[in-house]
Amino acid sequence: MSYSFQIKDAAGYQSAYKKSVSDPEGFWGDVASSFYWRKKWDKVLDWNFKEPNIKWFVNGKLNITENCLDRHLGTLGNRPAIIWEPNDPEEHHRVITYRDLYNKVSQFANVLKNNGVKKGDRVCIYMGMIPELAIAVLACARIGAIHSVVFGGFSAQSIADRLYDANAEYIITCDGAFRGNKDIPLKSVIDDALVGCRFVKKVIVATRTRTPVSMLKGRDVWWEDEIKKVETMGNPDCPAEEMDAEDPLFILYTSGSTGKPKGVVHSCAGYMVYTTYSFVNVFQYQPGDIHFCTADIGWITGHSYIVYGPLAAGATTLMFEGVPTWPDAGRFWDIIDKYKVNILYTAPTAIRSLMGFGLGPVQGHDLSSLKVLGTVGEPINEEAWHWYDEHIGKKRCPIVDTWWQTETGGVLISNMAGITPGKPAHATLPLPGVQPVLVDEKGVELEGNGVSGNLCIKHPWPSILRTTYGDHERCRVNYFATYENMYFTGDGALRDEEGNYRITGRVDDVLNVSGHRIGTAEVENAINMHAGVVESAVVGYPHDIKGQGIYAYVVFGQMHGDEALTRQDILQTVTRVIGPIAKPDKIQFVSGLPKTRSGKIMRRILRKVAEGETENLGDTSTLLDPGVVEEIKNGKI
Ligand code: WTA
């Protein structure tokens with residue numbers, strides 16, 4: 001497969017960019033023409049950011065799985081679509097060709113239908129990184145059901161919240177998941193989430209760990225048994241449901257600055273076109289290359305660059321069940337050597353954690369197959385960038401620093417491997433179709449180079465979010481109301497003298513911990529659920545490996561036992577309410593929080609103290625009780 005829209009050199013980037021701005025409809029219409037449509041669109045784009053109402057490829061009809069599977073069968077049927085590396089290196093890996101994947105997706109799509117799932121139904125998927133996860137996602141898309149994948153590290157309570165929010169009546173899960181030396185009992189977490197929940201009709205359970213599970217009669221069924229049933233029915237094919245370009249493809253929940261995660265909704269056609277376009281161009285994918293994205297499919301990176309983008313491009317995507325440090329810190333390098341991986345796409349936090357093990361684990365592995373390296377999820381510091389460049393890429397692989405978000409669906413700002421130059425710690429230039437602007441607090445656009453401000457985008461690209469599930473107003477207020485006629489990213493950035501963007505981090509109350517987005521308000525709500533907690537305030541602080549750590553200031557009532565035990569209790573509460581990923585790294589007990597006379601918590605002061613700053617705390621004269629600041633400074637952990 002060759003890609004008519006693949007950019008080949010710097011001049012090609014310039015001309016594509018120019019055309020995408022002067023004639024966005026002509027530009028994206030050309031790109032979209034290389035996909036398979038049941039019916040072509042009437043108009044490329046209809047939009048306003050006011051409501052917002054954004055429609056790409058108006059009245060086009062398609063099914064994304066026909067683009068990811070059916071259309072490749074003739075040419076790539078025997079090529080590997082998914083290579084799966086299990087958690088335990090001793091266990092056999094799996095290679096799933098495009099033909100196999102087509103068959104498995106069709107079969108499981110029939111299982112979904114047999115269990116009553118219909119177009120438009122929401123299906124929650126809570127699984128480990130096994131091929132069945134990708135199959136489940138694609139099977140939903142095949143029949144037009146809307147998948148909502150929930151990362152395996154979220155708690156029963158978080159799952160329940162997401163089930164209610166989306167009114168998801170179907171769940172696909174596993175008995176358990178292997179991650180390093182752990183065995184996570186996923187089905188049992190689902191059972192907890194479903195206590196008292198009456199609207200879930202079916203839970204389909206795939207076998208992985210064969211840890212004991214409870215199977216409720218009438219509700220819970222085994223994946224394998226259901227497959228057998230459709231096998232005996234004969235015809236394994238499942239015709240793809242015809243979808244409108246703007247029908248929702250999936251919901252993915254993400255944290256914002258308010259307490260409740262938002263269900264970001266992506267549509268079928270725009271998402272497909274943009275993830276494929278960005279996949280091919282950013283990584284400069286060449287037919288036959290093996291692409292290894294280390295993310296979990298529970299996050300947007302896995303959706304876009306393990307599943308949909310690579311498969312629509314007919315690529316070979318490598319899916320890894322385990323963790324980078326088990327059985328040892330050479331696991332990534334081992335996998336690259338074993339499969340002769342060409343593209344490695346990972347997170348700065350993983351690079352920093354592996355750096356900490358020194359060069360020993362890297363040595364003895366042949367990494368010469370690598371052509372392109374990528375990072376995503378958080379700003380990459382220069383030290384990690386250079387280590388990645390020298391010791392992994394051996395100074396011959398471009399590093400693409402890809403900036404994007406759950407809401408953007410695909411990479412918006414990044415260099416393109418070997419086409420446009422990289423620069424340590426800079427995401428560099430916008431992709432064609434992306435028009436970034438920096439604005440000041442008042443929304444005034446900052447022109448020219450060498451400026452910094454809040455990062456906005458002023459024209460829609462095909463994979464922009466369409467709404468937040470069940471609450472369109474929330475989508476408008478969150479993303480389109482801060483600055484008129486612009487999508488607001490929530491990130492700050494600076495544009496250097498050459499026009500390269502450097503993302504400086506969130507400007508709202510959202511933390512980025514190991515590349516995971518966590519709202520401070522969400523963590524505070526969780527801490528406050530502990531019976532003894534009166535009040536709390538959560539801020540981020542620089543963390544060597546995680547990028548940001550979570551620092552919690554807690555006002556506590558009556559302690560049971562000592563402080564250390566109480567801290568453990570609070571961590572346990574957060575684990576129960578959100579999941580282990582949101583556990584604070586530090587908890588400081590305080591007698592009060594610094595508040596203004598109107599009762600607003602002065603987070604600026606808390607942030608500074610958590611960052612280790614004790615001198616220049618700024619103006620504290622408006623505080624109700626300036627005394628608490630001294631206490632907080634003295635008690636810093
Ligand atoms: C941050 C992940 C700097 C940013 C794809 C953004 C980055 C948030 C980069 C989105 C990068 C992502 N450089 N910061 N290359 N990539 N971010 O929704 O703050 O999980 O707003 O999407 O991660 O996180 P999300």
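The values are calculated or read from the model by the stated rules, or taken from the named source; none is laboratory data. Every value quoted in this text rests on a predicted model; they were computed, and no experiment measured them. Here the Cβ positions follow ideal geometry from the backbone for every residue, glycine too, while neighbour counts run over all protein chains shown. Surface accessibility is based on the protein's heavy atoms, side chains included, excluding ligands, DNA and RNA. Shrake-Rupley method; radii C 1.70, N 1.55, O 1.52, S 1.80 Å.
Can you compute the charge dipole magnitude of the chain about its Cα centre, using +1 on each Lys and Arg Cβ and -1 on each Asp and Glu Cβ, nothing else charged? Give it in debye, rounded to the nearest 20. It would help to have the intermediate numbers written out before the result.
Numbers: 67 positive and 76 negative charges, 230 e Å.
Result for the chain is approximately 1100 debye, rounded to the nearest 20.
Express in whole angstrom the spacing between the alpha-carbon centres of the stretch 485-500 and the stretch 243-285.
21
Quote the FRET efficiency, to the nearest 0.05, computed for ASP366 versus SER214 with a Förster distance R0 of 41 Å and r equal to the Cβ-Cβ distance.
After rounding to 0.05, the efficiency reads 0.30.
Per DSSP helix of 4 or more residues, -39500 (n - 2.57); summed, then divided by the residues of the chain. What does that give at 222 nm, rounded to the nearest 500? If you can, show how the numbers build up before the last one.
Working: 19 runs with 176 residues, N = 637.
So the helix-based figure for the chain works out to -8000 deg cm²/dmol.
So how much slack lies between GLU383 and VAL58, counting 0.36 nm per residue of separation and subtracting their Cα-Cα distance, in nm? Spell out each step's value before the answer.
On the way: separation 325, 0.36 × 325 = 117.00 nm, distance 4.61 nm.
Separation in residues times 0.36 nm, less the Cα-Cα distance, equals 112.4 nm.
Filter the chymotrypsin sites (Phe, Trp or Tyr not before Pro) in the stretch 29-137 down to the DSSP loop ones having no more than 10 other Cβ atoms within 10 Å, then list what survives.
Working: sites: PHE35, TYR36, TRP37, TRP41, TRP47, PHE49, TRP56, PHE57, TRP84, TYR98, TYR102, PHE108, TYR126; in loops: PHE35, TYR36, TRP37, TRP41, PHE49.
Nothing satisfies the criteria.
Given a 1.4 Å probe, how much area per residue of the chain is accessible, in Å²?
Values: 23770 Å² over 637 residues.
Result: 37 Å² of accessible area for each residue.
In square nanometres, what is one fourth of the surface area of the convex hull spanned by the alpha carbons of the stretch 228-302?
Numbers: hull surface 35.5 nm².
Averaging across all directions leaves 8.9 nm² for the Cα convex hull.
Modelled label-to-label distance, LYS395 and HIS560, 7 Å Cα→beta-carbon offset: nm?
6.1
Taking 0.36 nm per residue of sequence separation and subtracting the Cα-Cα distance, how much length would be gained by fully extending the chain between VAL21 and ALA481, in nm to one decimal?
On the way: separation 460, 0.36 × 460 = 165.60 nm, distance 2.33 nm.
Stretched out fully, the VAL21 to ALA481 stretch lengthens by 163.3 nm.
Can you give the FRET efficiency for VAL451 and ASN235, using 1/(1 + (r/R0)^6), R0 = 51 Å, r = Cβ-Cβ distance, to the nearest 0.05?
On the way: r = 61 Å, r/R0 = 1.20.
Using R0 = 51 Å, I get an efficiency of 0.25.
For the stretch 510-634, give me the percentage of DSSP beta bridges that are antiparallel, rounded to the nearest 5 percent. Write out the running numbers ahead of the final one.
Numbers: 17 of 22 bridges.
DSSP beta bridges in the stretch 510-634 are roughly 75 percent antiparallel.
Taking every DSSP beta bridge with both residues inside the stretch 263-418, roughly what % is antiparallel (nearest 5)? All intermediate terms of the calculation are to be shown ahead of the outcome.
Numbers: 1 of 15 bridges.
Approximately 5 percent, going by the DSSP bridge assignments.
Express as a percent, rounded to the nearest 5, the fraction of DSSP beta bridges in the chain (both residues included) that run antiparallel. Before the final figure, lay out the partial values.
On the way: 60 of 101 bridges.
Antiparallel bridges make up about 60 percent of those DSSP assigns within the chain.
Answer with one residue from MET416, LEU465, HIS426: the one whose Cα lies farthest towards the positive end of the charge dipole of the stretch 402-472, charges on Cβ with Lys, Arg +1 and Asp, Glu -1.
Going by the charge dipole, the pick is MET416.
Per the Kirkwood formula on distinct C-alpha pairs, the Rh of the stretch 514-618 is how many angstrom?
Values: mean 1/r = 0.0706 Å⁻¹.
One decimal place: 14.2 Å for the Kirkwood radius.
Suppose every K and R has +1 on its Cβ and every D and E has -1 on its Cβ; what is the size of the dipole of the stretch 44-127 about the Cα centre, in Debye to the nearest 20?
Working: 12 positive and 10 negative charges, 108 e Å.
It comes to approximately 520 debye.
Please give the FRET efficiency for LEU73 paired with HIS93, using the beta carbon to beta carbon distance and R0 = 25 Å, rounded to the nearest 0.05.
On the way: r = 23 Å, r/R0 = 0.92.
It comes out at approximately 0.60.
Distance in nm between label sites at LEU623 and GLU242, each 7 Å beyond Cα in the beta-carbon direction?
Roughly 6.7 nm, to one decimal.
Report the Cα centroid-to-centroid distance between the stretch 547-575 and the stretch 31-56 in angstrom, as an integer.
Using only Cα atoms, the two centres lie 49 Å from each other.
Name the lysines eligible as straight-distance cross-link partners of LYS202: C-alpha to C-alpha under 18 Å, and not fewer than 8 places from it in the same chain.
The qualifying lysines are LYS113, LYS118, LYS119, LYS187, LYS217, LYS228, LYS229.
Label-point separation (nm) for GLU169 and LYS338, each offset 7 Å from Cα along Cα-to-Cβ?
Distance between the two pseudo-spin positions: 4.2 nm.
Carbon-plus-sulfur fraction of the accessible area of the chain, 1.4 Å probe, in percent? If you can, show how the numbers build up before the last one.
Numbers: 11920 of 23770 Å².
Roughly 50 percent of what the probe reaches on the chain is carbon or sulfur.
Quick one: order HIS266, HIS459 from most to least accessible surface, probe 1.4 Å. Could the numbers behind the result be given before it?
Numbers: HIS266 0, HIS459 30 Å².
Highest to lowest solvent-accessible surface, that is HIS459, HIS266.
Tell me which lysines have Cα within less than 28 Å of LYS442's Cα, excluding those fewer than 8 residues away on the same chain?
Cross-link targets: LYS50, LYS260, LYS262, LYS458, LYS595, LYS600, LYS608.
Using the Cα centre as the reference, give the magnitude of the dipole from point charges on the C-beta atoms of the stretch 293-428 (Lys, Arg: +1; Asp, Glu: -1; all else neutral), rounded to the nearest 20 debye. Write out the running numbers ahead of the final one.
Values: 9 positive and 13 negative charges, 78 e Å.
So the magnitude is around 380 debye.
For q values of 0.09, 0.10 Å⁻¹, compute log₁₀ I(q)/I(0) with the Debye formula on a Cα-only model of the chain, without solvent.
Reported log10 I(q)/I(0), two decimals: -0.74, -0.92.
Along the three principal axes, how long is the stretch 175-259 when you take its alpha carbons, biggest first, rounded to the nearest angstrom?
39, 39, 33
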